[in-house]
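*Asks:* I have a structure I would like to understand better, so I am pasting it below and will then ask my questions one at a time.
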Amino acid sequence: MLLCVEEHMETIFDYDITEEEKEKIGYSTISINDYLKYTDEETRNLDLAYLFHTRGDMDKAKSYANMLTPLRKQDWYRTINHY
């Protein structure tokens, strides 16, 4: 008998996100359960890239941005260059 164990996907909630950071990223009122229900892997990586950019950790931000699809990664870089 095989047991299926779902692998944990990192999210912004794994990094003690503050209310201020949640607001900057656009999730000021969302609970972790709703976040997990309504986001996919791509969105979670994008949010992690924004979180670490907000915190000034560009190495970590870029590592999550590099997991994005090419078009979304291009949009991310374009967005952060306007801040």
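The values are calculated or read from the model by the stated rules, or taken from the named source; none is laboratory data. Fair warning: this is a prediction, and the values are worked out from it, not measured in the lab. Ideal geometry is used to build each Cβ from the backbone, glycine not excepted, and the neighbour counts take in all protein chains shown.
*Asks:* Quick one: how many residues across segment 17-27 are free of Cβ contacts under 8 Å to residues at least 24 places away in the same chain and either under 13 Å from the mean Cα position of the chain (by Cα) or not in a loop (DSSP other than H, G, I, E, B) (or both)?
*Replies:* Initial filter on segment 17-27 (free of Cβ contacts under 8 Å to residues at least 24 places away in the same chain): 18-20, 22-23, 26-27.
Within this subset, residues satisfying the condition of being either under 13 Å from the mean Cα position of the chain (by Cα) or not in a loop (DSSP other than H, G, I, E, B) (or both) are 19-20, 22-23, 26-27.
Adding up the residues that qualify gives 6.
*Asks:* Considering only residues that are loosely packed, with under 10 Cβ neighbours inside 10 Å, of a type in the set (D, E, K, R) and in a helix (DSSP H, G or I), which ones fall in segment 28-47?
*Replies:* First, the residues of segment 28-47 that are loosely packed, with under 10 Cβ neighbours inside 10 Å: 29, 33, 37-38, 40.
Add one more test, that the residue is of a type in the set (D, E, K, R), and what stays is 37, 40.
The answer is 37, and nothing else.
*Asks:* Take the residues in segment 58-70 that are loosely packed, with under 13 Cβ neighbours inside 10 Å and assigned to a loop (DSSP other than H, G, I, E, B); name whichever of them is nearest to the chain's Cα centre (by Cα).
*Replies:* By that ranking, first place goes to 66.
*Asks:* Out of all the residues in segment 9-19, is one or more surrounded by 17 or more Cβ atoms within 10 Å (Cβ to Cβ), modelled with pLDDT of 90 or more and touching an Asp or Glu at 6+ places or on another chain (Cβ under 8 Å)?
*Replies:* Yes, because at least one residue in segment 9-19 is surrounded by 17 or more Cβ atoms within 10 Å (Cβ to Cβ), modelled with pLDDT of 90 or more and touching an Asp or Glu at 6+ places or on another chain (Cβ under 8 Å).
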